[in-house]
Amino acid sequence: MAPSHDETPFPTDPRGRLAVAEALRGARTIAAAGHLPLDGDGIGSALGLVHALRAAGREAVCVIGGPVPRNLTFLPGIADAVRLPGALPFVPDAFVALDGGDEDRFVPMLPLARSARHFLDVDHHVTNKRFGTASWVDANHAATGLMVLGLIDDLGLPLTPDAALCIYVALVTDTGRFSYSNTDPASHEAAARLLRHGVRPDEVLRHVYRSLPRGRLDIAAEVTRRLATSPDGTLAWSEVTLAMCAEAGVAPLDAHDAIEVPLALGGVEVAALFREQERGTAEPAATHVSLRSTTTFDVAAFAVARGGGGHRRAAGFTAQESPAAAAARIVPDLQAAVVHHRATEVGR
Ligand code: AMP
Ligand code: MN
Ligand code: MN
């Protein structure tokens, strides 16, 4: 994710880029996958790369390791992707892991990835652990999709309308429709190029942000009803429970965007959403914690300390407990970290 104007740029990684491009150039067969849980940038990056490789006559396949969010099922190429545990049409020379800072975000794909000669890690998270045989990590990019666009150029692959659409969805979702602090001139320049290659923004809007089932609006209403704030109003949080999802007929994954509810409240500097995860009957409760910051408070650092990762202003981690238990434990820590940050910043 690109740094915002009030932050210093991240290091670039030209050697990583060269190494990844070189491995892709030499690979006869290529598999590409976005991190789990799937999101617009991960899956858009994987499909975008596969479309461009195939258009150049290369053997490439997108691998899908988990449920696809409902609003992304329209993406071209989804139907041809291999859904694990399905078998690939070939043994890949290269496996490209997209938009995930850690191997543990690719768990069902790991045997496949490790069996490939090249396990390529292409990502824009500051917290990336460089887990590939080659890694290209550059947090200056607003979306991993833009790194894929860079690889398409490096390899001289055609930017087909399908590739452009998938990359646009990666970009539009990770920048919050070109509005988060990572939105920079490069995001808009890339968008202009993608539009010239056939992308229709209104079609993307309709598929990705509208066309919601009624239950998704009911979830937003319930998330609003359960909204809690710190006494000074700078922290806001809410929850999405499995019971709420069952009642509304919505998969928890499809309620991911509900973090926008606490984030929209005036005066909020840090927002959190505690989203209960689907699980087998015997498995204990687990909650995905989404964090957003509107100031220089670094939520990635907070998430890393709890086994997760992300960007300075958007990060997440998993807690092995119910949303209510997670909130009771984590909100005070978050509050303390924000207070500490404010104190140290004033002293600078
Ligand atoms: P989310 O709140 O799920 O939208 O995540 C915000 C950002 O943090 C995204 O860039 C995620 O890829 C990243 N992130 C979320 N959860 C994790 C995790 N458990 N480990 C590493 N990165 C994460
Ligand atoms: Mn992602
Ligand atoms: Mn991303």
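Between 275, 292, 313, 216, which is surrounded by 15 or more Cβ atoms within 10 Å (Cβ to Cβ), under 18 Å from the mean Cα position of the chain (by Cα), away from ligand 3 (no atom under 16 Å from the Cβ) and of a type in the set (D, E, K, R)?
275
As an exercise: evaluate residue 18 against (1) farther than 16 Å from residue 59 by Cα; (2) away from ligand 3 (no atom under 14 Å from the Cβ); (3) open to solvent by less than 60 Å² (accessible area, probe 1.4 Å) and give the number of the one condition it does not meet.
Every listed condition holds for residue 18 apart from (3).
What are the residue pairs meeting all of these: first residue in the stretch 330-348, first residue closer than 17 Å to residue 238 by Cβ, second residue part of a helix (DSSP H, G or I) and modelled with pLDDT of 95 or more, Cβ atoms under 8 Å, and 6 or more apart or on different chains?
Listed pairs, sorted by first residue: 334/302.
Using the structure shown, decide if residue 207 is open to solvent by 70 Å² or more (accessible area, probe 1.4 Å), on the phi < 0 side of the Ramachandran plot, away from ligand 2 (no atom under 16 Å from the Cβ) and more than 15 Å from the chain's Cα centre (by Cα).
Working: open to solvent by 70 Å² or more (accessible area, probe 1.4 Å): no; on the phi < 0 side of the Ramachandran plot: yes; away from ligand 2 (no atom under 16 Å from the Cβ): yes; more than 15 Å from the chain's Cα centre (by Cα): yes.
No: the conditions fail for residue 207.
If we only count helices (runs of 4 or more DSSP H) wholly inside the stretch 217-330, which ones have 3 or more residues that are assigned by TED's automatic domain parsing to the domain that holds residue 101?
No helices (runs of 4 or more DSSP H) qualify here.
Does residue 130 count as charged (D, E, K, R) and not in a loop (DSSP other than H, G, I, E, B)?
no
Just give me the residues in the stretch 187-230 being under 19 Å from residue 253 (Cβ atoms), hydrophobic (A, V, I, L, M, F, W, C) and in contact (Cβ under 8 Å) with a residue 40 or more places away in the chain, in sequence order.
Within the stretch 187-230, 208, 212, 220, 223 qualify.
Does residue 221 satisfy the criteria of being open to solvent by 50 Å² or more (accessible area, probe 1.4 Å) and more than 22 Å from residue 32 (Cα to Cα)? First the steps, then the outcome.
Numbers: open to solvent by 50 Å² or more (accessible area, probe 1.4 Å): yes; more than 22 Å from residue 32 (Cα to Cα): yes.
The answer is yes for residue 221.
Restricting the stretch 134-165 to residues that are over 25 Å from residue 76 (Cβ atoms) and either out of contact with any Lys or Arg (no Cβ under 8 Å at 6 or more places or on another chain) or at pLDDT below 95 (or both), which is surrounded by the most Cβ atoms within 10 Å (Cβ to Cβ)?
Filtering first and then ranking leaves 139.
Looking at the stretch 278-301, I want the residues that are touching a residue at least 60 places away in the same chain (Cβ under 8 Å) and have a partner that is assigned to a strand (DSSP E or B) with Cβ atoms under 6 Å, at least 6 apart or on another chain. Which pairs are those?
Matching pairs, first to second residue: 288/275; 288/318; 300/310; 300/315.
The values are calculated or read from the model by the stated rules, or taken from the named source; none is laboratory data. Please read these numbers as outputs of a predicted model, since none were measured by experiment. Don't worry about glycine lacking a Cβ; one is built from the backbone with ideal geometry, like all the others, and counts go over all protein chains shown. The area values use the complete protein model at the heavy-atom level, side chains included, leaving out ligands, DNA and RNA. Shrake-Rupley method; radii C 1.70, N 1.55, O 1.52, S 1.80 Å.
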